[in-house]
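Sharing a structure below in structure tokens format, with a few things to ask.
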Amino acid sequence: MIFKAMGDDHGPKIPSYKIYDNYRVIPKLQAHEERLARIGLKDPWIRNYAFLFMGRLGGDRWSSFRYMIRSGWKLGCGIAAAVIAVEESYLYLKYGHTHWGKAHH
């Protein structure tokens with residue numbers, strides 16, 4: 001415990017590169033490899049794209065979009081509302097009206 005506080009901890013464990021060698025179980029990458037093979041090409045770096053289809057962002061586009069929106073949506077809306085409230089309060093105190101009023105400054 002003392003060593004972690006003193007900086008001896010080496011951070012998160014880095015996964016082995018071999019976990020991405022199973023790209024053939026991912027239907028989209030398998031189809032990509034087959035399309036290339038039909039025209040006589042081979043993608044030597046195809047396993048580098050496997051992480052895009054694994055884990056939280058894996059699956060279809062809709063589930064990836066929902067994950068990205070859900071992860072920060074509430075916080076972002078709250079911060080936006082707070083910024084608008086502060087700005088409108090400042091304008092009301094300084095000029096006596098807000099952007100929503102009829103008078104212009």
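Read-outs: derived from the displayed coordinates by stated rules, not from any lab. Note that the structure is predicted; figures quoted are calculated from it, not measured. A quick note on method: Cβ atoms are made from the backbone with ideal geometry, for glycine too, and the neighbour counts reach across all protein chains shown.
Which far-off residues, 5 or more places away or on another chain, put their amide H under 5 Å from the one on Asp43, with H placed in the peptide plane?
Close amide H contacts, sequence-distant or interchain: none at all.
Could you work out how much longer the chain between His10 and Asp60 gets when fully extended? Use 0.36 nm per residue separation minus the Cα distance between them, nm to one decimal.
Here the answer is 14.5 nm.
Next question. Roughly what would the spin-label model give for Lys18 and Glu88, points 7 Å off Cα along C-beta, in nm?
A separation of 6.0 nm, rounded to one decimal place.
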